[in-house]
Structure formats: structure tokens, C-alpha cells
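Here is the structure we will look at.
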Amino acid sequence: MKPEDLSTTFESLHPLENKFLLAFDRSDTLTAKDIMDLSGLDESRLDMTAGWTTSKNLVIEAGESVTTFVSLTETGADYRGKGNPRDPYHRQPARREAVHGQGHPSVLGPRSFRGQLGGRCAEGKERRPDRAGRRA
């Protein structure tokens with residue numbers, strides 16, 4: 001780059017680009033975390049500024065290492081402990097309680113409610129409850 005072009009480039013830098021480039025005062029190669037710590041830029045501004053300075057050929061990506069860690073929240077840990085209610089292999093044993101000669105509705109499978117929620121009658125027509133909750 002010619003010195004005239006270089007001075008024009010430096011004069012046209014955005015204030016965020018100045019902060020970004022000043023972070024390289026101590027080293028020619030920095031991690032994103034180092035740049036954020038030294039420049040005070042947050043992650044979104046860092047990504048934006050890195051794109052700008054890369055397009056102006058002021059920096060180049062020297063390498064990339066991506067390490068993602070995830071952990072369960074309290075709700076996730078509770079879900080893991082109880083198992084997936086939709087997965088029969090992880091379901092805990094159901095308790096059966098007698099209610100009018102049948103098992104308790106909360107422990108019966110989804111097919112047990114077919115008669116209560118609609119389902120189909122023998123002719124293949126859909127049965128829907130009327131306003132009073134009776135089958136038509």
C-alpha cells in the first residue's frame with residue numbers, strides 16, 4: 001500500500017476500528033477475548049469491527065478455534081431426572097389407582113383419551129362432544 005493510501009485509510013477509520021487496532025499495541029496476534037478485554041468492545045461490535053478491518057486489509061484471521069460448552073439448567077436437570085414423558089424407555093413406572101373401576105386418567109396413555117377428546121366412531125365419522133360435553 002502506498003503511504004498516501006495508508007494515511008487515507010487511517011483517516012477514514014471508524015472509532016471502533018481505532019479501539020480495535022489499538023488493542024494490538026502489545027502483540028501482533030490476539031484472541032477475540034484478548035481484543036475484547038483490551039479494547040472494551042463487546043462481542044457483536046468486535047465481530048463487526050473485525051469484518052471492517054479485514055476488508056481494509058489491516059488484519060487477517062490467523063486461525064480459528066471453536067469450543068462450545070453447554071450445561072443443563074435447573075429445569076433441564078429436573079427433566080433429565082424424571083425422564084422424557086413421551087419416550088416409553090425413559091418413562092418412570094406409572095401408578096395405577098382405581099377410579100370407577102379404571103386406572104387413573106393421569107397414568108393412562110394418550111389413546112385412552114380418544115373417547116373423551118373426539119376420536120372416530122365405527123362408521124369413521126368423527127365424534128365431537130356437544131356443549132354439555134355429551135357425545136353426538
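The table that follows gives values for the structure above.
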| quantity | calculated |
| --- | --- |
| Any hit, segment 56-77, residues being without any contact (Cβ under 8 Å) to a residue 40 or more places away in the chain, surrounded by 13 or more Cβ atoms within 10 Å (Cβ to Cβ) and among the small types (Gly, Ala, Ser) | no |
| Qualifying residue in segment 12-32 (condition: more than 21 Å from GLY63 (Cβ to Cβ), in contact with a helix residue (DSSP H, G or I) (Cβ under 6 Å, 6 or more places away or on another chain) and of a type outside the set (Lys, Arg)) | yes |
| Count - residues of segment 46-71 that are part of a helix (DSSP H, G or I), over 15 Å from LEU22 (Cα atoms) and under 27 Å from the mean Cα position of the chain (by Cα) | 3 |
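Only the coordinates and a few stated rules stand behind these numbers; no lab work does. Remember, predicted model here, so these are calculated numbers, not experimental data. For neighbour counting, all protein chains shown are included, and Cβ atoms are generated from backbone atoms with ideal geometry for every residue, glycine included.
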